[in-house]
1. Considering only the stretch 1-26, state which residues are under 19 Å from T74 (Cα atoms) and among the aliphatic types (A, V, I, L, M).
2. For the stretch 11-62, which positions are of a type in the set (F, W, Y) and in contact (Cβ under 8 Å) with a residue 24 or more places away in the chain?
Amino acid sequence: MSNYPTLRNATVAGLIGIVLGIVVLRLAGVSMPAVPPGAVVCLVAAAFLAFAPWRWVPILAIVAALFEAVPATTGLGSFIGDGALDAAGAIIRFVGMAVALIGGILATIASFKRAKTNA
């Protein structure tokens, strides 16, 4: 029995968490582009992961999480102490990145194992 659907859903939740963290940071007044590229990348990856049937799609989630790894990690240290909303946004973004990255790796492994057993 494959746990791919659970891993896929957790990865989508992590990607949405990244977007939520970016929105919270924007509401806190952090300067960023009008349309943050990290949010767009994560939303596209989440949509593909949720709706596309191909086994390689979780790799997109890994790439999207890695795209946010540096900003989420450096933002975690720089926003702590600036204010409660800044800190909350940074923490949400970091946790979302960690969940999406780990979930994406595990979902990719499960997806390819599932494809191998179905063949």
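Nothing in this text is a laboratory measurement; each read-out follows from the coordinates by a stated rule. Since we're looking at a predicted model, the values are computed, not measured. When we count neighbours, we look across all protein chains shown, and the Cβ atoms used for this are built from the backbone with ideal geometry, even at glycine.
1. L15, I18, V19, L20, I22, V23, V24, L25
2. Selection gives W56 alone.
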